[in-house]
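The values are calculated or read from the model by the stated rules, or taken from the named source; none is laboratory data. Please read all numbers here as calculations on a predicted model, not as lab measurements. Methodologically, a virtual Cβ is constructed for each residue, glycine included, from the backbone with ideal geometry; neighbour enumeration extends over all protein chains shown.
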Amino acid sequence: MIRLCAPSELAEGQSRGFVIDPLNLLLVRRDGQVHAYLNRCPHRGIALEWQKDRFLDDSGSLIRCATHGALFLIESGECVAGPCEGQALQRLECREDAHGIWIEGAAAR
C-alpha cells in the first residue's frame, strides 16, 4: 500500500492530484467517502485539472475535464456530458484509516 496523504489533507467536497511515477491520479472526497481515479480523460488521455488540485466543476458535484469540459460522476467516474459520454475514468482501489489515504501499490505498475 502507498500512503497518499493524511485524511485531514482531503477535506469534504475537495479534490487533490498526486503523481507517483508513473501514476498520475486524483482523489475526491464526497459524503465522507474517498474516490480515486487515474488522472486521464478517456477522450484524449490528458490530465483533467485546470489548476493544481482543481478537478471539480463550479458546483463541486462533478469532475470536469479542463480541456473540453467533459463531466464525470464523482461516485463512478462515468462521463455524463462531453465527447466521451458513456465512457468512464479508470477507478483505483483506495482505503482510508486514521493514518492515511492509501492506494494499492500494484496500481502504480
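Does segment 90-106 hold any residues that are within 24 Å of A6 (Cβ to Cβ) and either surrounded by 13 or more Cβ atoms within 10 Å (Cβ to Cβ) or among the basic types (K, R) (or both), and which are they?
Hits for segment 90-106 are R91, L92, C94, R95, E96, G100, I101, W102, I103, E104.
I want to confirm something. Restricting to segment 7-16 and keeping residues that are surrounded by 17 or more Cβ atoms within 10 Å (Cβ to Cβ) and without any contact (Cβ under 8 Å) to a residue 60 or more places away in the chain, which single residue is farthest from W102 (Cα to Cα)? Talk me through it step by step, then tell me what you get.
First, the residues of segment 7-16 that are surrounded by 17 or more Cβ atoms within 10 Å (Cβ to Cβ): 10, 15-16.
Adding the requirement that they be without any contact (Cβ under 8 Å) to a residue 60 or more places away in the chain leaves 15-16.
Values: S15: 15, R16: 14 Å.
Checked segment 7-16; the qualifying residue farthest from W102 (Cα to Cα) is S15.
For segment 35-109, give me every one of the strands (runs of 3 or more DSSP E) that falls completely inside it and has 1 or more residues that are of a type outside the set (F, W, Y) and in contact (Cβ under 8 Å) with a residue 40 or more places away in the chain.
Details: elements: 62-64, 71-73, 79-81, 94-97, 100-103.
Answer list for segment 35-109: 62-64, 94-97, 100-103.
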Q: Look at segment 35-82 and say how many of its residues are more than 12 Å from the chain's Cα centre (by Cα) and among the basic types (K, R).
A: 2
Q: Go through segment 19-39 residue by residue and tally those that are modelled with pLDDT under 95 and within 20 Å of C79 (Cβ to Cβ).
A: 1
